[in-house]
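Working notes for the structure below.
The values are calculated or read from the model by the stated rules, or taken from the named source; none is laboratory data. This is a predicted model, so every value here is computed, not measured. Every residue, glycine as well, gets a Cβ built from its backbone with ideal geometry; the counts of neighbours run over all protein chains shown. When the accessible area is computed, the model is the full protein with side chains, heavy atoms only, and any ligands, DNA or RNA have been set aside. Shrake-Rupley method; radii C 1.70, N 1.55, O 1.52, S 1.80 Å.
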Amino acid sequence: MKNLALVLALTFSTLVISQNFEVPKNYTFKVEKDYAKYEKDIIKCINWLENTPINQDTEKRKEANAFLMQWLTGAPNVSINLAPYVVDLTEKNPDLMMLFLGGWTKYALQNPKDKSTFNGNLAGVKNLMTFYSNNEKTEIKKDKNIEKLLKLTETDLKKWLETKLIN
């Protein structure tokens, strides 16, 4: 019972935090300090993108995606390498690319000592899968590749990912 209460409390607090996110205005990224200054906003942005259904607040989603992408383009402490499998997983639903990038980014910011490409990919894939699953009844297009991943255990998902990163 305590675990259920904890899960509900964490879920509620995440939703409240993500609903309060506003895309910063007049942001600029020129020097390293500019990126560090917005790290908390980037986490809030990613949480908002994760928790907001794809068919709601579409204008704000565009602004949030642009903010995240512009930050990522020059962020000195987050480096993402896109493997071909990511393009395959996001082809039918291009919005999922930002969820992948967001998952990797959030992992990198919350685990600054871990520079593992595997762990970054895993965080991105899990984020993409969760968003897909949470939006199946909205405007997201059905994707058999993601549907297969949703059926995998954690161990099998890691094995699948290993094969994608080796090739």
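Below is a table of values for the structure above.
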read-out: Any hit, region 57-76, residues being open to solvent by 60 Å² or more (accessible area, probe 1.4 Å), farther than 23 Å from residue 29 by Cβ and either β-branched (Val, Ile, Thr) or over 16 Å from the mean Cα position of the chain (by Cα) (or both); value: yes
read-out: Any hit, region 65-74, residues being free of Cβ contacts under 8 Å to residues at least 60 places away in the same chain, of a type outside the set (A, V, I, L, M) and within 25 Å of residue 156 (Cα to Cα); value: no
read-out: Those residues of region 91-140 which are under 14 Å from residue 80 (Cα atoms) and among the aromatic types (Phe, Trp, Tyr), in sequence order; value: 100, 104, 107, 118
read-out: Residue in region 133-145 that is assigned to a helix (DSSP H, G or I), at pLDDT 95 or above, more than 22 Å from residue 38 (Cβ to Cβ) and open to solvent by less than 60 Å² (accessible area, probe 1.4 Å) present; value: yes
read-out: Among residues of region 149-161, those that are part of a helix (DSSP H, G or I) and under 12 Å from residue 125 (Cβ atoms), counted; value: 7
read-out: Residues located in region 146-160, provided they are among the polar types (S, T, N, Q) and open to solvent by less than 40 Å² (accessible area, probe 1.4 Å); value: none
